[in-house]
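All remarks here apply to the structure that follows.
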Amino acid sequence: MSAEALHREIRACTLCAEHLPLGPRPIVQFSPTSRIVVIGQAPGRITHESGFAFDDKSGVRLAQWLGLTFEELHDSARVAIVSMGLCYPGKAAGGDKPPRPECAPLWHPRVWRELPEDRLTLLVGTYAQKAYLPDTKSWTMARRIAEFRDFLPRFLPLPHPAWRSTLFMREHPWFEAEVLPALRREVAKRFGA
């Protein structure tokens, strides 16, 4: 199956429609040349409405972290965005509901087959980190991020770039001093810079 056909199949998915308060609207971007993969939690309400991944201030911050422009972040030839849940799961107390559990097992393996082997996968937030770094389930997110070198060159864990990340960065100054420069070097390597 081509990447284009897989995109169409994903966008037509209604597997968990009955659990989605705003209905299904799978949001994903990837191509056979995407050498950076971003796995977040799930689209938020704003993203659901626009149909465009990380289409908010968190996307601006994520692009800055990567050393990319907002436009480069959204260039599927370079960056894939395939979250743990591809549809907005709805609101819960204190934030959004968790991503639907059916989504990643169904779509991730199929998308990964379309991507280059030497990709760097950014695990943005605890849902992605626990799924892809299962031996670290008992760790704090801060510990996973602090020990990021242990997961390279395949994975690099990050906090979610939402407004709360400013608190994380204030409490963990090593994130800006050590993790972000390493992240930018890894991204530049994948783009031949």
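The values are calculated or read from the model by the stated rules, or taken from the named source; none is laboratory data. Every value quoted in this text rests on a predicted model; they were computed, and no experiment measured them. Every residue, glycine as well, gets a Cβ built from its backbone with ideal geometry; the counts of neighbours run over all protein chains shown. Only protein heavy atoms, including side chains, enter the accessible area calculation; ligands, DNA and RNA are left aside. Shrake-Rupley method; radii C 1.70, N 1.55, O 1.52, S 1.80 Å.
Taking max minus min of the alpha-carbon positions on each principal axis, the chain gives extents of 43, 40, 32 Å, largest first.
Which whole-number value in Å² is the accessible area per residue of the range 112-177, probe 1.4 Å?
Numbers: 3660 Å² over 66 residues.
Counting only protein heavy atoms, the per-residue value for the range 112-177 is 56 Å².
Remark on VAL37: its backbone amide H falls under 5 Å from those of ALA80, LEU120, THR121, LEU122, a criterion applied only to residues 5 or more positions apart or on other chains, H modelled at 1.01 Å from N.
A crude spin-label estimate for the pair ARG164 and ILE46, with each label 7 Å from Cα along the Cβ direction, gives 1.6 nm.
When a 1.4 Å probe is rolled over the protein heavy atoms, the share of accessible surface on the chain that falls to carbon and sulfur comes to 54 percent.
Taking the DSSP beta bridges with both ends in the chain, the antiparallel portion is around 20 percent. Sorting ASP56, ASP118 by solvent-accessible area of protein heavy atoms yields ASP118, ASP56, largest first, with a 1.4 Å probe.
Cross-link partners for LYS91 among the lysines, with Cα-Cα distance under 26 Å and sequence neighbours closer than 8 places in the same chain left out: LYS57, LYS130, LYS137. Length gained on full extension, ALA92 to THR14, computed as 0.36 nm times the residue gap minus the Cα-Cα distance: 25.9 nm.
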